[in-house]
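Asker: I'd like to ask you about the structure that follows.
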Amino acid sequence: MTFRSKEADHGECGARTVRQQIIARLGERAMGARELSQALGISEKEVYRHLVHVSRSLKTAGRKLVIRPFGCRSCGYRFRERKRFSPAGRCPRCRSSHLERPVYAIC
Ligand SMILES: [Zn+2]
């Protein structure tokens with residue numbers, strides 16, 4: 001009667017899914033979409049798509065994918081409590097498109 005305590009990764013040649021890689025990377029440190037896209041070799045658009053699913057699976061695991069507050073470079077407006085993972089297009093206060101890029105983290 002032996003029970004493997006370690007997760008066996010046979011069957012997929014050791015390759016982890018993109019979502020698992022995102023969770024592993026964000027578990028180490030907060031990263032932006034551009035960094036993630038370069039680290040994983042996928043487009044930023046794909047990163048945003050995956051983040052939605054990553055967020056859901058983390059929720060069921062009792063954890064949370066958070067968007068670090070980011071601001072407008074022109075007027076200093078802060079985007080807080082943003083729910084969407086894609087970057088904001090314009091500042092709601094001054095209409096500037098010079099916005100900081102959001103960074104994602106797992107907590
Ligand atoms: Zn602004």
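FYI, it's all coordinate maths here, none of it is from the lab. Nothing here was measured: the structure is a model prediction, and the numbers come from that model. Here the Cβ is made from the backbone with ideal geometry for all residues, glycine too, and neighbour counts use every protein chain on show.
Asker: According to a simple spin-label model (label point 7 Å from Cα along Cα-to-Cβ), what is the distance in nm between Arg16 and Arg63?
Answerer: A separation of 0.9 nm, rounded to one decimal place.
Asker: Amide H to amide H, which residues 5 or more places from Phe70 or on other chains are under 5 Å from it, using H placed in the peptide plane?
Answerer: Phe79
Asker: Once you put a point 7 Å from the Cα of Ser96 and another 7 Å from the Cα of Ser74, both along the Cβ direction, what distance in nm separates them?
Answerer: Result: 0.7 nm between the two label points.
Asker: Sticking with this one: With all pairs of different alpha carbon atoms counted, what Kirkwood hydrodynamic radius in Å does segment 59-107 show?
Answerer: Evaluated on segment 59-107, it is 11.5 Å.
Asker: Please give the calculated 222 nm ellipticity per residue for the chain, where each DSSP H segment of at least 4 residues contributes -39500 (n - 2.57) and the sum is spread over every residue; nearest 500 deg cm²/dmol?
Answerer: Here the helix-only value at 222 nm equals -10500 deg cm²/dmol.
Asker: Separate question: Springs between alpha-carbon atoms under 10 Å, Gaussian network over the chain: tell me which of Arg56, Arg34, Arg95 tops the mean-square fluctuations.
Answerer: The residue that fluctuates most here is Arg95.
Asker: With a length cut of 27 Å (Cα positions projected on each helix's long axis) and a Kyte-Doolittle mean of at least 0.5, go through the chain and give me the DSSP H helices that pass.
Answerer: For the chain, where a helix must reach 27 Å along its axis and average at least 0.5, there are no hits.
Asker: If you don't mind, there's one more thing I want to ask. For q values of 0.13, 0.18, 0.26 Å⁻¹, compute log₁₀ I(q)/I(0) with the Debye formula on a Cα-only model of segment 18-106, without solvent.
Answerer: -0.42, -0.76, -1.30
Asker: Work out from phi, with θ = phi - 60° and the Karplus expression 6.51 cos²θ - 1.76 cosθ + 1.60, the ³J(HN,Hα) of each residue of segment 89-103, listed in order in whole Hz, and give x for Gly and Pro.
Answerer: 3J(HN,Hα) across segment 89-103, in whole Hz: x, 9, 6, x, 8, 10, 6, 6, 9, 8, 10, 5, 8, x, 10.
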